[in-house]
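S.K.: Encoded as structure tokens, here's the structure I'll be asking about.
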Amino acid sequence: MIPAATKTQDFLELEDRWGAHNYHPLDVVVERAVGPWVYSVDGDRYLDCLSAYSAVNQGHCHPRILQTLQEQAAKVTLTSRAFRNDQLPLFYEELAGICGMDRVLPMNTGAEAVETAIKAARRWGYRNKGVPQDEAVVLVCQNNFHGRTTTIVGFSCDPDSKTDFGPFTPGFWTIPYGDADALRRAVGPNVCALLIEPIQCEAGINIPPPGYLKEVETICRENNVLLLLDEIQTGLGRTGKMFCAEHEDVRPDAFILGKALSGGFYPVSAVVARNEVLDVFDPGSHGSTYGGNPLGCAVARTALQVLQDEGLVERSAKLGEWFLDELKKIDHPDIAEIRGKGLLVGVELNVPARRYCERLKELGLLCKETHEFVIRIAPPLVISEEELEWAVERIRSVFES
């Protein structure tokens, strides 16, 4: 009989023995969480400053979302799209209204939503723009991160994501991020779409120059190219606006959403777009057994309501501005740059960031390195001013020590 795991080391050994080694997490084993706090199996409390890569913007185990999950799970969880359910139309209407779009196509994971947007863009290119069959091109940016499927990693610039996973899907051209002139030069008759993140999160919180996204929108409009905005991590309040695109009053042809769309309770993603984009699909051309299921839709509806009812978008803007100002006061030779928008901050270092993340963990603050040299800091939007001050004190003390 296998003895029950009780302490951190027990769980680490089990995971190392039985799990695939495709992650390098910090050695904290979480057994429960509430709001911005998580608690380990050893009884230690930590402030979560990663928010499951922005999936728990509403905080861990939000009581309203939990109640919805429990109530809907007792009614019906899955019908497949062979039948209709009472939650899906309401989810459609509410999400489309928030996005200012015409139609919604629900999926489960962020990568699935990205794949859906790519399929829609290609079919739109053939049917609406007149691109010759099988010659459609989707433009992507250097240092992009849109998911882990073979199609998506095929146009990644990260060797860790793509080495030995080929051959890859053709039809993607890579251009520099933040360079509108490069986009203008790349646009051609077979280009059907640009797939882009308004802030590159996985690449290290890379923020493009002011006005860049607006110029991108103009170039796409002038050349009949779809603008697909991947707001899986930046959307739903993370940057101080409901969508990061709103900082420059940009209206894409499609939003790609996920993560915080369900407040961390259940995988829910969606492409939310203009009629012209999603009307390319007809019965049988695309689908998902779990996409649009009643449990996911009910959870997502409440997750969206929580963002609005609790003013979490405005909270992100207010606290994020103060947070960034306080962090920029830290003067240390290891810090190369501190950048951010809302409660999404990257501290770029001149040295590997892992050891700083491990030091912060010892002080009760959890964050994660990205691309080796950047500390990503993105607490749940429900964090209080006092808790954020507590975080700043610990970050400052790690560099001062």
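Bear in mind these aren't lab numbers, they're just calculated from the coordinates by the rules spelled out. Quantities reported herein were computed from a predicted structural model and do not represent experimental measurements. Using ideal geometry, Cβ is built from the backbone for each residue, glycine included, and neighbour counts are taken over all protein chains shown.
S.K.: Using θ = phi - 60° and the Karplus curve 6.51 cos²θ - 1.76 cosθ + 1.60, what whole-Hz ³J(HN,Hα) does each residue of the stretch 138-149 get, with Gly and Pro shown as x?
M.R.: 10, 7, 10, 10, 4, 6, 5, 9, 10, x, 10, 5
S.K.: Longer than 23 Å from Cα to Cα, which of Lys119/Lys259; Lys259/Lys341; Lys162/Lys214 are they? Say none if no pair is.
M.R.: Lys162/Lys214
S.K.: Let me have the relative contact order for the stretch 63-309, percent, based on Cα pairs under 8 Å that are six or more residues apart.
M.R.: 32 percent
S.K.: Separate question: Would you list which aspartates and glutamates come within 12 Å of Lys241, measuring only between C-alpha atoms, while excluding same-chain residues fewer than 8 positions from it?
M.R.: By straight Cα distance, Lys241 reaches Glu231, Asp249, Glu314.
S.K.: Net charge near Pro63, counting Lys/Arg +1 and Asp/Glu -1 over other residues with Cβ under 13 Å of its Cβ?
M.R.: Local charge sum for Pro63: -2.
S.K.: Per residue, how much space in cubic angstrom lies within the convex hull of the C-alpha atoms of the chain?
M.R.: 158 Å³
S.K.: Order of 256-267, 217-228 by packing, highest average Cβ count within 10 Å first?
M.R.: 256-267, 217-228
S.K.: So how far, in whole Å, is the C-alpha centre of the stretch 42-88 from the one of the stretch 183-218?
M.R.: 32 Å
S.K.: Measure nothing but the geometry: give the 0 to 90° angle between the long axis through the Cα atoms of 385-400 and the longest principal axis through the Cα atoms of the chain, rounded to 10°.
M.R.: The angle comes out near 70 degrees.
S.K.: What is the Cα centroid distance between the stretch 365-401 and the stretch 269-292, reported in whole angstrom?
M.R.: 38 Å
S.K.: In addition: Expressed in nm to one decimal, what extension gain is obtained for the pair Glu386 and Asp325 from 0.36 nm per residue of sequence separation less their Cα-Cα distance?
M.R.: 20.4 nm
S.K.: How do Phe243, Phe155 rank when sorted from fewest to most other Cβ atoms within 10 Å of their own Cβ?
M.R.: The order, fewest Cβ neighbours first, is Phe155, Phe243.
S.K.: Once R0 is set to 45 Å, what does the formula 1/(1 + (r/R0)^6) return for the Cβ-Cβ distance between Thr77 and Ala20, expressed as a FRET efficiency to the nearest 0.05?
M.R.: 0.95
S.K.: Which of the cysteines in the chain are isolated, no other cysteine C-beta under 4.7 Å?
M.R.: So far as the 4.7 Å Cβ criterion goes, Cys61, Cys99, Cys141, Cys157, Cys192, Cys201, Cys220, Cys244, Cys297, Cys357 stand without a partner in the chain.
S.K.: Return one quarter of the surface area of the convex hull spanned by the alpha-carbon atoms of the stretch 138-233, equal to its mean projected area, in nm².
M.R.: Taking the Cα atoms of the stretch 138-233, their convex hull projects to 5.9 nm² on average.
S.K.: In a shell of Cβ-Cβ distance under 14 Å around Phe323, excluding Phe323 itself, what net charge do Lys and Arg (+1) and Asp and Glu (-1) give?
M.R.: My count for the surroundings of Phe323 gives +2.
S.K.: Within the stretch 20-106, list the trypsin sites (Lys or Arg not before Pro) lying in a DSSP loop whose Cβ has at most 14 other Cβ atoms in a 10 Å radius.
M.R.: Loop-located and lightly packed - Lys75, Arg84.
S.K.: Also: Can you tell me the order of 13-25, 339-351 when each peptide is scored by its average per-residue count of other Cβ atoms within 10 angstrom, highest first?
M.R.: For the peptides 13-25, 339-351, the packing ranking is 339-351, 13-25.
S.K.: The stretch 1-144: D in µm²/s via Stokes-Einstein (Kirkwood Rh, Cα pairs, 20 °C, 1.002 mPa s)?
M.R.: 106 µm²/s
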